[in-house]
């Protein structure tokens, strides 16, 4: 079956889905997006994703193109029409279409597009730890908005792939890790504290990050939201990254130097299992 995409009220074959050349998402990256994991045909953390969608739109001054209830119907139609059991739904909202100009009209009509794709079944397993490199953080100052403007993230991820690494941790001008190119960054100290950067304008407040914090607190693990340096990460007992696609993935090497014993650790493994069980409970509801 060919994939089906959604473009401004129309369900179309994926290879026929098009946007206007003057769409400001294409011209300026003037829009936001969300990616939601599909487990057993159900959407993981959907309400949190929609809350963040609303936050990003509000901060950008872009109106919702439809009600929240209507958007849920479109998302679920996309899962059904694409026969997604395990996979991802991607949707983006741009400010709209107008003649190319830096200044925009406040009364523009927002544009909504959506795609869905299948992926291998999500399984719990004690993953082998991955490699991470560091790169300078060259992004704008409103990283809390899930904007389409991802060029620095793409460049960072490409450097990681070229270096044989899984992810790139971006480092700010003060020498502190902000986050990964497509994930949030964590370390575990010798005292058992879980350290992650606070959700300010400096990082995107990841939905998986939010869920992992809740699960860690339920297990009486101490969460400390503060910046940490690459040097501190190398002194940690464990490190890991979180995202909708990575779930909880252990990090065993940073810039060619081992973290801890260089393997997946008990905290990351426990949280990965807990999150796996959490999203599967959601899918069963």
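Quick notes on this one:
- Listed peptides 65-77, 177-189, 194-206 by packing density, highest first (mean Cβ within 10 Å): 177-189, 194-206, 65-77
- Here the Debye sum runs over all C-alpha atoms of the stretch 130-284 as equal scatterers in vacuum, and log10 of I(q)/I(0) at q = 0.10, 0.13, 0.16, 0.21 Å⁻¹ comes out as -0.31, -0.54, -0.83, -1.45.
- Extents of the stretch 4-118, largest first, come to 44, 31, 20 Å (Cα atoms, principal axes, whole angstrom).
- In nm, spacing of pseudo-spin labels at residue 69 and residue 54 (7 Å Cα→C-beta vector): 1.4 nm
- Normalising the average separation of contacting C-alpha pairs (under 8 angstrom, six or more residues apart) by the number of residues puts the relative contact order of the chain at 19 percent.
- For the stretch 130-284, share of DSSP beta bridges that run antiparallel, in % to the nearest 5: 60 percent
- Nearest 10 degrees, 0 to 90: helix 266-284 Cα axis against the chain principal axis: 30 degrees
- Among 234-246, 211-223, sorting by the average number of other beta carbon atoms lying within 10 angstrom of each residue, highest first, gives 234-246, 211-223.
- Taking every C-alpha pair closer than 8 Å and separated by at least 6 residues, the mean separation divided by the residue count of the stretch 157-216 gives a relative contact order of 20 percent.
Each reported figure results from applying straightforward, stated rules to the coordinates on display, with no laboratory input. Just so it is clear, the structure is predicted and the values come from calculations on it, not from any experiment. Virtual Cβ from ideal backbone geometry, glycine too; neighbours counted across all protein chains shown.
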